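Quick notes on the structure that follows.
The values are calculated or read from the model by the stated rules, or taken from the named source; none is laboratory data. A quick note: this is a predicted structure, and the numbers were derived from the prediction, not measured. Here Cβ is always computed from backbone atoms with ideal geometry, including for glycine, and neighbour counts include all displayed protein chains. The protein model used for the area step is the full one, side chains on, heavy atoms only, and it has no ligands, DNA or RNA in it. Shrake-Rupley method; radii C 1.70, N 1.55, O 1.52, S 1.80 Å.
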Amino acid sequence: MSHWLIAGASRGIGLELARQLASRGERVTASVRSEAGRAALDAALAPAGRKGRVLVFDTRDEARIRAAAGAVAEPIDALIANAGAYGPQRQSALDMDFDGVLDLFNVNTLGPLRVVQAFLPLIRRGENPRVVMMSSVLGSMALEGTFNVGYRASKAALNKITQCLADDLRPEGIAVVAMHPGWVRTDMGGPDATLSVEESVAGIIRVAESLTLSGTRRYVDFRGNEIDW
Ligand SMILES: NC(=O)c1ccc[n+]([C@@H]2O[C@H](COP(=O)([O-])OP(=O)(O)OC[C@H]3O[C@@H](n4cnc5c(N)ncnc54)[C@H](OP(=O)(O)O)[C@@H]3O)[C@@H](O)[C@H]2O)c1
């Protein structure tokens, strides 16, 4: 049994991660940022009984994240930095809501790193410690098209952070990857997405479970297939 930390677990992929892991008997600590999210997560963690724990923080708020991390004592074996947003309506290179996209970078690019840094002392004590940064294939520099520049740039920047983090943590034996979950039917992915949240999450867990230091610094999808940075 491993101890997993899921950041951003009130709905969508994060909630399903908490649900599947808890129902398998894993120890799960997961975060929400509102009382509304807590009820859904409590239900998802119910199978874990006393082994499931809810933290409350917004990934833009470093002080709250650090306070939450300070309240956790057990080592963390796997962290999934999942919280993310799609951003404002106007986010093209020709017409951008700059304040909205700046906030998006705060959530999608810096948020995952804030979470990793705050929980690093616990990750360092984990067994086969792993970090999964929830990215998107839309962050790939190889992808063409000019749609959703803000979101894509925020994930491309997250990918760069992921590479640097992987290089910094390799000597400590901590594996770090960027993950594309597929196009998933959640609030963000919408009803036309090709994957159910159950299928995507089962794959993410499989990839995260089999991740070792030899697989660090990779950009992979939920099937473990490598993506061009
Ligand atoms: N769905 C897809 O097709 C798809 C594809 C590629 C990548 N992704 C990535 O996968 C991750 C999860 O996506 P999803 O489809 O599950 O999205 P979702 O259904 O919109 O859920 C987003 C989750 O992130 C949380 N969150 C957003 N901003 C936050 C903040 N500032 N602080 C803390 N939590 C915050 C939300 O909490 P609240 O409920 O409090 O808002 C919610 O739990 C994201 O990083 C997304 O970019 C998704």
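Quick notes on this structure:
- Counting protein heavy atoms only, the chain has 52 percent of its accessible area on carbon and sulfur, 1.4 angstrom probe.
- Environment charge of Arg60, counting only residues whose C-beta is closer than 10 Å and scoring Lys/Arg +1, Asp/Glu -1: -1
- Sparsely packed loop sites in region 133-229 (the GluC sites (Glu not before Pro) outside DSSP H, G, I, E and B with at most 12 other Cβ atoms within 10 Å) comprise Glu144.
- Since only Gly12, Phe119, Val201 are under comparison, the one whose Cα sits farthest along the positive direction of the charge dipole of the chain, derived from C-beta charges on Lys, Arg, Asp and Glu, is Phe119.
- Relative contact order (%) - criterion: Cα under 8 Å, at least six apart; region: region 3-221: 18
- Each Lys and Arg contributes +1 and each Asp and Glu -1, all at the Cβ; summed about the Cα centre of the chain, the dipole is approximately 620 debye.
- Nearest-ten-degree value, helix 197-210 long axis tilted from longest Cα axis of the chain: 70
- Multiplying the residue separation of Asn128 and Ala36 by 0.36 nm and removing their Cα-Cα distance gives an extension gain of 29.8 nm.
- Listed residues Arg206, Arg218 arranged by accessible area, highest first, probe 1.4 Å: Arg206, Arg218
- Antiparallel DSSP beta bridges within region 3-221, as percent of all bridges there, nearest 5: 5
- Order of exposure, largest accessible area first, which applies to Lys51, Lys155, Lys160 with probe 1.4 Å: Lys160, Lys51, Lys155
- Considering only Ala43, Ala71, Ala156, the Gaussian network model of the chain with Cα springs below 10 Å gives its largest mean-square fluctuation to Ala71.
- In the chain, the calculated helix contribution to ellipticity at 222 nm averages -12000 deg cm²/dmol per residue, counting -39,500 (n - 2.57) for every DSSP H run with n ≥ 4.
- Sum of side-chain charges, Asp167 neighbourhood, beta-carbon under 12 Å (Lys, Arg +1; Asp, Glu -1): +1
- The long axis of helix 12-23 is offset from the longest Cα principal axis of the chain by roughly 20 degrees.
- Surface accessible to a 1.4 Å probe, Asp228 within the full protein complex, Å²: 110
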